[in-house]
1. Can you tell which of 150, 39, 102 is in contact (Cβ under 8 Å) with a residue 60 or more places away in the chain and under 24 Å from the mean Cα position of the chain (by Cα)?
2. List, please: which pairs have Cβ atoms under 8 Å, are six or more places apart or on different chains, and start with a residue in the stretch 161-178 that is without any contact (Cβ under 8 Å) to a residue 40 or more places away in the chain and end with one that is part of a helix (DSSP H, G or I) and loosely packed, with under 15 Cβ neighbours inside 10 Å?
3. Going through the stretch 246-262 one residue at a time, which ones are under 24 Å from residue 311 (Cβ atoms), of a type in the set (A, V, I, L, M) and open to solvent by less than 20 Å² (accessible area, probe 1.4 Å)?
4. Restricting the search to the stretch 125-153, which residues are open to solvent by 20 Å² or more (accessible area, probe 1.4 Å) and outside any helix (DSSP H, G or I)?
5. Would you confirm, using the coordinates I've provided, whether residue 37 is within 14 Å of residue 305 (Cβ to Cβ) and either at pLDDT 90 or above or in contact with a His (Cβ under 7 Å, 6 or more places away or on another chain) (or both)?
6. Listed residues 127, 96; which is of a type outside the set (Phe, Trp, Tyr) and either in contact with a Cys (Cβ under 9 Å, 6 or more places away or on another chain) or outside the structural domain of residue 178 (by the TED database) (or both)?
Amino acid sequence: MPVGTQGTIKGLTTDQLETIGCQIILGNTYHLELRPGSQLIDDLGGLHKFMNWKRALLTDSGGFQMVSLLHLADITEEGVTFQSPVDGKPMLLTPEESIHIQNNIGADIIMALDDVVKTTITGPRIEEAMYRTLRWIDRCIAAHKKPDVQNLFGIVQGGLDPVLRDICMRGLVERNLPGYAIGGLAGGEDKDSFWRVVAQCTAGLPEDKPRYVMGVGYPLDIVVCSALGADMYDCVYPTRTARFGSALVPEGVLKLKQNAMATDERPIDPSCPCMVCKNYTRAYLHCLVTKDPMGSQLLSYHNLSFMARLSRDLHMSILEGRFPEFVRGFLRVQFPKGDVPKWVHNAMEVAGIDISECCTPTNCQHDAMEAAGVDISDFCPPTKCP
């Protein structure tokens, strides 16, 4: 899902988003309540009509701002009090108020208010936040006035502690919600911890309900999490990296600000059918990203096109029963030297996808050979296999 915090994807129209193939956009409860206000949005027919978007919408609960605006927030059992970054006035966001605001906004999927802490935090605060999240979900359910037209998703918390994650999962599943999110990730934790939490949660959540990993948007992460059973993602990464002059390509990231781009007459990605790649060269975009806002708009269009195409291809490979081949093809392009990260190999092993053909022995087979008592050190660089 592209992130349209205040009802807009920066620099793009809703017609362009439809052309790209976006099916759902994320908006933010906290920011939409600050400006223009959920009551005004409701009075004008809801966010769909307000922003002229006929497809699906999801609104975050405002819980993430407990992390991103922690210096402006005071968290209690009642809710979280923010100091407005606009005018400095206090705003109390309770579970009931979050749901009320989201009912006014009118998104198709709304998120329960959860107590969010960074995964890099340890100690009793993680347990406190998890149990508070479970208490708050009941308040959100009770406050929800439009369950027939808006789907309320719960959010699994618990940090990197598998016991706490399991308690939260079981508690949410008992409430039989329309969908479930995996929260509290993509906040600085190491990748090995990241994928293990995703794997645990997707294994424990119902297969017939959407499983949404919040805040995840790197292409590699999406492919790995999909292999582990996740269905939905959101992130500012595709548009934010565009504003810094970087384009997403099958091989990774193309930095248009680099001097080498100044005379490059190729498109960003020759295999991409988007209007940016059909009409503009790297040299032209290089001039724009260093001097003109149009550069970030064109790169945002391309990056969202790339992500939409990746999602469609991934989805189609699952429907056609060739997802393992899709994963291997993706990894071969991303890591042509076979240097697939160890955490990816470990995650794919749990997912039951053999990626050994994409990896050098140092990255994929060393541990297996060591466990089997086979010495392959003669074939491995000393820095990789001491």
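1. Within the list 150, 39, 102, the selection yields 102.
2. 175/138
3. 247, 248, 249, 256, listed by residue number.
4. Within the stretch 125-153, 144, 145, 146, 147, 148, 149, 151 meet the criteria.
5. Considered against the rule, which asks whether it is within 14 Å of residue 305 (Cβ to Cβ) and either at pLDDT 90 or above or in contact with a His (Cβ under 7 Å, 6 or more places away or on another chain) (or both), residue 37 comes out as no.
6. Checking each option against the conditions leaves just 96.
One line per residue, one yes/no per condition, for (1) outside any helix (DSSP H, G or I); (2) open to solvent by 20 Å² or more (accessible area, probe 1.4 Å); (3) in contact with a strand residue (DSSP E or B) (Cβ under 7 Å, 6 or more places away or on another chain); (4) closer than 16 Å to residue 262 by Cα:
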site	(1), (2), (3), (4)
278	no, yes, no, no
287	no, yes, no, yes
295	no, no, no, yes
300	no, no, no, no
304	no, no, no, no
311	no, yes, no, no
316	no, yes, no, no
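Results for (1) closer than 22 Å to residue 21 by Cβ; (2) modelled with pLDDT under 95, shown as yes or no for each residue.
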position: 257; (1), (2): no, no
position: 310; (1), (2): yes, no
position: 316; (1), (2): yes, no
position: 333; (1), (2): yes, no
position: 359; (1), (2): no, yes
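The values are calculated or read from the model by the stated rules, or taken from the named source; none is laboratory data. Small disclaimer: the values here were computed from a predicted structure and weren't measured. Quick reminder, even Gly has a Cβ in these numbers, built from the backbone with ideal geometry, and neighbours come from all protein chains shown. The protein model used for the area step is the full one, side chains on, heavy atoms only, and it has no ligands, DNA or RNA in it. Shrake-Rupley method; radii C 1.70, N 1.55, O 1.52, S 1.80 Å.
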